Amino acid sequence: MTNNSNNGFNNWQKSFEKETKKNLSDANSETDEGIDIKPVYTKEDLENFSFVEKHSLPGQWPYTRGPKASMYTNRPWTIRQYAGFSTAEESNEFYKKNLESGQKGLSVAFDLPTHRGYDSDDDLVMGDVGKAGVAIDTVEDMKILFNNIPLDQMSVSMTMNGAVLPVLASFIVAGEEQGVDRSLLSGTIQNDILKEFMVRNTYIYPPEPSMKIVADIIEFTSKEMPKFNSISISGYHMQEAGADNVLELAYTLADGIEYVRAAMSKGLDVDDFAPRLSFFFAIGTDFFMEIAKLRAARTLWAKIMKDFGAKNERSLILRTHCQTSGVSLTEKDPYNNIIRTSYEALSAILGGTQSLHTNSFDEAIALPTDESARIARNTQLILQNETGVTKTVDPLAGSYFIENLTEELSKKAWDIITEIEELGGMTKAVKAGIPKLKIEESATKKQAKVDSGSRVVVGVNKYKNPKEPSVDVRVIDNNRVRDDQIKKIHAIKQSRNTKAVEKALTNLTNAAKDETNLLIPCIEAIKLRATVGEVSKALEQVYGRHFAKSLSVSGVYGKHFEGDKEFMKVESKIKEFENLNGRRPRVLVVKMGQDGHDRGAKIVATSFADMGFDVDMGPLFQSPKDVAKDAIENDVHAIGVSTLAAGHKTLVPELMKGLKEIDPKSKIIVFVGGIIPEQDYEFLYENNVSAIFGPGSNIIESAEKVIDLISDNLSKE
Amino acid sequence: MELVDKIIKGERAAIAKAITLVESSKDTDQQISRQLISELIKKPGKSIRVGFSGPPGVGKSTFIESFGSYLVSQNYKLGILAIDPSSQITGGSILGDKTRMVEISKNPNTFIRSTPSRGTLGGISMGTREASIILDAAGYNFIFIETVGVGQSEIVASNLVDIFTLIVGPGSGDELQGIKKGITEYADIFIVNKNDGELKMEASKTAADYKSALSYYKKLDALEKQVLLVSAIEQTGMEDVIKTINQIIDQNKLKGIFDERRADQLEYWIEEEVKNIIASDITKRLASKGNIPKYSKKVMKNEMSMYEAVETITKDTLKQ
């Protein structure tokens, strides 16, 4: 530092300290990622970089500034809204409306039974058909889904991981029967199974065969579908599950490394498939951090791919889709979500994403309506057309702060990637449950910050709206959808050549025993009208179904509340309860049906335990009947049902019935938490639910309500 | 007692409530539970109690899921008492055992109860013993007691069961030297899990290590300790486990060891309970007299030695 600039800085520091009455050294703030943010950055903060190259250009090594030289100045990002619900017919109508209103690409959401490889007529999936996405049972559904949407012109992204084989096969066959050759199909299949084991839980088979399926798809698409992205390596669901940005970044890239290895083990050259790998990140509310994350991701990926020996420049470039954060949306004061989503969208754009989904403001409550979907889409149209953000490539480059943050994030993520490599790669780490546990720890910390008020969420823990607006939501008649789907399945099973289908399924089972590519026999079976469920079962015969081990963190939540009055109040109520009743209050926390999003359930379990409850955790994918048996055998006082996929209207009454069947005098109370539209509250209360906790509920307050309800209930005896 | 009839009929809710009673720390509950147990022991079932222990991470719950599935497929009724180790010193606990027992927890012929260990030794308390009496009366053929291996606790657990089983992982043979002599003495069967995939070789080697090490512990009148290889994931070796359990039980019954062991265990529990009552009485007396802080201060000020303090307090507490 020259004397001159040194003097300048010293003068600034003096003024700063005078204004704030604080030492400069005490003025930093720490992010969730453990990065110290300083009140001011200077030229000095651009020194000693090991990842970011200060004078790089867009579309050039190390691609920090963007995958293309021209970026949005030539063509803006793709507005790609993720949607799907109910039947293929209804989703098709919705897609066509959206495309007419300025949306450019499609992104299909499938329902949970499809994800988990069950047909709509399977008893296990009663409550989930058509709820959180569209139900696809056969190629006929897929054809209806894209009716009048020419697949040689429309790029289609499909969020599918578990049942990736039958779904991709259905897409290929639907294209062919539309007269479109598979080589002309463009779009992306998510095909990212590792993160399913970490956070989203919509897997079917154990990790190893699942990785083989991923590699099969990469191999097939690299040879036969040159315009199709074989995988979308996703950090999105990690952030949604509570991961901070460093964890999201590091684990996503580490997953990427593992997929590259899996594909190379099939004898492919890295440049054969690497250009068709794509990524998917979440964009949350930490504005600058999110921008830096996308820049860091490109920087690190280029380095990683170079180490793999990639020679084609396109192999080095990370292209990504982004989605604004669903978990940042609140049920309280829901119009605030429009504003949150707007800032998140701007972050994604300044970070240089290739395509973007903006969430609808009502998604913390239910599936978007036509109106809320329109506002979400317009958020992007306004950015593209009114704000001028498309006119300059990577406009924040050279900012002391942004460049420094990009470097810091890269460094921290690189350390974690190195750690995973030392463990033997992501498949091994995932099997050991390490990433899952780290993400849960991070999630619990974040929740504690909100509940303790040290992190402000407007309209939730501060500046509450005294007059909560009521919002119209989309209602799915789950039973009607299920009946429609069952009729369609029956009709197809009647008209198809059953012998040929059986033979095709046997071939598929045999292929799973060999090491051959599974997509080819899968396409054959789907062509003959085998169902998604039948195909999945044919493979299950060889691979089995995977059940996850569940590990839990403890003490992380409670640590944030040492000396907190509200926390101690609940603790002492629980102690009092224990003295009076000879044991602690005992609560069973469950997920029912096919919904695998267990962040909420895990946070409730660990924080309730920290307050003094004994918490039983049920396995994922339990039926209401299993939950009832579990609850009664352990003589719990209460059951907490976590629901995020709209299955509660079917599953909760079933649970109540199950409890009464085993014990007609059962006094176990039931409370429900998660995404529940207000319109459903009355229905649930009528079904004897004792309390409902929506998104953004304060956990300590919820716990107090639960212990009070339990005590009241016991005193009635 | 109405509850007794319901338990004998096998009513799930009644069994559950009864276990709550025997685990309760409330005086009135304890009185009822004493009455209940004295009724129930008059109507004993024929169940075999099997203990499973082992260090964390060897796949105990996964093994129980696998072995239990095999047993219920053979039409046995199975009760499981899982002592969950994940307790904290403060606060409550997270009981996650059932997340690893997905299939058997659904089966109508099982009853699975998790108990938080509450900081006691491996979680074994009087309650666990009473709970096994309840499940016995309710007609369960096998009662599994699962504990986590933390040294001493295995010895307590082995005093609750007819057969004690230690589950270990591949590669643990080297640690055999370090395993307390007690455990190897108390265990009847050693199960080497994870005999699958890449670990197969290692598992066989471990089993061989155990066999050779255990040959030193042969008891004169008991069966040789058994070492078995299983894979919980692939569900292999399960027939061997049940065959071995039945063999040992038959032999022990024939030689009278079975009853002898139950009698020894009874002595152990009576002694434990008497000690508990005396200890809790003494603790109350100590607290009410306030001698410890008083004399501790004197020791701190060098007015007396610690030994003198201990002697004085002991004399004062015991006299009455």
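The values are calculated or read from the model by the stated rules, or taken from the named source; none is laboratory data. Everything numeric in this text was worked out from a predicted model, so none of it was measured. All Cβ positions, glycine included, derive from the backbone under ideal geometry; neighbour counts span all protein chains shown. Protein only, heavy atoms only, side chains kept; ligands, DNA and RNA dropped before computing areas. Shrake-Rupley method; radii C 1.70, N 1.55, O 1.52, S 1.80 Å.
General observations
- Subset tally (residues that are modelled with pLDDT of 90 or more, more than 25 Å from A:Asp451 (Cβ to Cβ) and at the interface with chain B (Cβ under 9 Å from one of its Cβ atoms)) for the range A:586-624: 1
- Selected residue [assigned to a helix (DSSP H, G or I), open to solvent by 10 Å² or more (accessible area, probe 1.4 Å), more than 10 Å from chain B (Cβ to nearest Cβ) and at pLDDT 95 or above] from A:Lys649, A:Lys660: A:Lys660
Let's see how each residue does on (1) open to solvent by 60 Å² or more (accessible area, probe 1.4 Å); (2) under 27 Å from A:Asn385 (Cβ atoms); (3) hydroxyl-bearing (Ser, Thr, Tyr); (4) in contact with a Ser or Thr (Cβ under 6 Å, 6 or more places away or on another chain):
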{"residue": "A:Lys21", "(1), (2), (3), (4)": "yes, no, no, no"}
{"residue": "A:Leu24", "(1), (2), (3), (4)": "no, no, no, no"}
{"residue": "A:Tyr41", "(1), (2), (3), (4)": "no, no, yes, no"}
{"residue": "A:Glu44", "(1), (2), (3), (4)": "yes, no, no, no"}
{"residue": "A:Glu47", "(1), (2), (3), (4)": "yes, no, no, no"}
{"residue": "A:Glu53", "(1), (2), (3), (4)": "yes, no, no, no"}
{"residue": "A:Gln60", "(1), (2), (3), (4)": "yes, no, no, no"}
{"residue": "A:Asn98", "(1), (2), (3), (4)": "no, yes, no, no"}
{"residue": "A:Ser107", "(1), (2), (3), (4)": "no, yes, yes, yes"}
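- Residue in the range A:381-390 that is assigned to a loop (DSSP other than H, G, I, E, B), of a type in the set (Gly, Ala, Ser) and under 27 Å from A:Asn74 (Cβ atoms) present: yes
- Across the range A:261-299, the number of residues qualifying as assigned to a helix (DSSP H, G or I) and either farther than 20 Å from A:Phe228 by Cβ or of a type in the set (D, E, K, R) (or both) comes to 17.
- Every condition in (1) within 18 Å of A:Thr159 (Cβ to Cβ); (2) assigned to a helix (DSSP H, G or I); (3) touching an Asp or Glu at 6+ places or on another chain (Cβ under 7 Å) is met by A:Ser347 except one, and the failing one is (1).
- Yes/no for A:Arg482 being of a type in the set (Lys, Arg), within 30 Å of A:Pro695 (Cβ to Cβ) and either open to solvent by 60 Å² or more (accessible area, probe 1.4 Å) or touching a Pro at 6+ places or on another chain (Cβ under 9 Å) (or both): no
- The listed residue being assigned to a strand (DSSP E or B), open to solvent by less than 20 Å² (accessible area, probe 1.4 Å) and closer than 30 Å to A:Lys565 by Cα, out of A:Val706, A:Val670: A:Val670
- Of the helices (runs of 4 or more DSSP H) contained entirely in the range B:1-103, those carrying at least 1 residues that are open to solvent by less than 50 Å² (accessible area, probe 1.4 Å) and either under 27 Å from B:Gly171 (Cβ atoms) or at the interface with another protein chain (Cβ under 9 Å from one of its Cβ atoms) (or both) fall at B:12-23, B:27-40, B:60-73.
- When residues of the range A:406-431 are limited to those that are at pLDDT 95 or above and of a type in the set (S, T, N, Q), the one farthest from A:Glu47 (Cα to Cα): A:Thr418
- Answer from A:Ala491, A:Ala525, A:Ala530, A:Ala511 - the residue that is open to solvent by less than 20 Å² (accessible area, probe 1.4 Å) and free of Cβ contacts under 8 Å to residues at least 24 places away in the same chain: A:Ala511
- Filtered residue count, the range A:26-39, keeping only those that are exposed (fewer than 12 other Cβ atoms within 10 Å of the Cβ) and over 20 Å from A:Ser399 (Cβ atoms): 3
Rundown of residues vs (1) closer than 30 Å to B:Lys77 by Cβ; (2) surrounded by fewer than 11 Cβ atoms within 10 Å (Cβ to Cβ); (3) of a type in the set (Gly, Ala, Ser), yes/no style:
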| residue | (1), (2), (3) |
| --- | --- |
| B:Met238 | yes, no, no |
| B:Gln251 | yes, no, no |
| B:Arg262 | yes, no, no |
| B:Ile270 | yes, yes, no |
| B:Ile277 | no, yes, no |
| B:Tyr307 | no, yes, no |
| B:Thr314 | no, no, no |
| B:Thr317 | no, no, no |
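Every residue, every condition in (1) buried (at least 24 other Cβ atoms within 10 Å of the Cβ); (2) closer than 26 Å to A:Ser91 by Cβ; (3) over 21 Å from the mean Cα position of the chain (by Cα), yes or no:
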| position | (1), (2), (3) |
| --- | --- |
| A:Ala310 | no, no, yes |
| A:Arg314 | no, no, yes |
| A:Pro334 | no, yes, no |
| A:Tyr343 | no, no, no |
| A:Ala348 | yes, yes, no |
| A:Ser360 | yes, yes, no |
| A:Ile365 | yes, yes, no |
| A:Gln384 | no, yes, yes |
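- Residue within the range A:675-686 that is within 14 Å of chain B (Cβ to nearest Cβ), in a helix (DSSP H, G or I), free of Cβ contacts under 8 Å to residues at least 60 places away in the same chain and open to solvent by less than 50 Å² (accessible area, probe 1.4 Å) present: no
- Contact map, the range A:593-620: first residue within 21 Å of A:Phe110 (Cβ to Cβ) and surrounded by fewer than 24 Cβ atoms within 10 Å (Cβ to Cβ), second residue of a type in the set (S, T, N, Q) and modelled with pLDDT under 90, Cβ cut-off under 6 Å, separation 6 or more or different chains; pairs are A:Gly596/A:Asn201; A:Leu620/A:Asn201.
- Looking across the range A:9-50, the residues that are closer than 14 Å to A:Tyr400 by Cβ, among the hydrophobic types (A, V, I, L, M, F, W, C) and not in a loop (DSSP other than H, G, I, E, B) come down to A:Phe9, A:Trp12, A:Ile37, A:Leu46.
- Taking the criterion of being open to solvent by less than 10 Å² (accessible area, probe 1.4 Å) and more than 7 Å from chain B (Cβ to nearest Cβ), the residues of the range A:625-637 that qualify are A:Val627, A:Ala628, A:Ala631, A:Val636.
- Flag if B:Gly256 is open to solvent by less than 70 Å² (accessible area, probe 1.4 Å), of a type in the set (Gly, Ala, Ser) and closer than 15 Å to B:Ala203 by Cβ: no
- Scope the range B:104-124; condition at pLDDT below 85 and within 12 Å of chain A (Cβ to nearest Cβ); matching residues: B:Pro116, B:Ser117, B:Arg118
- Test: A:Ala302 is surrounded by 24 or more Cβ atoms within 10 Å (Cβ to Cβ) and either in contact with a Leu (Cβ under 7 Å, 6 or more places away or on another chain) or in a helix (DSSP H, G or I) (or both): no
- Entry remark, the range A:86-96: residues being surrounded by fewer than 20 Cβ atoms within 10 Å (Cβ to Cβ) and either at pLDDT below 85 or in a loop (DSSP other than H, G, I, E, B) (or both) number 0 in total.
- Listed by position, the helices (runs of 4 or more DSSP H) enclosed by the range B:209-304 that each have at least 3 residues that are free of Cβ contacts under 8 Å to residues at least 24 places away in the same chain and either among the small types (Gly, Ala, Ser) or on the phi > 0 side of the Ramachandran plot (or both) are B:257-289.
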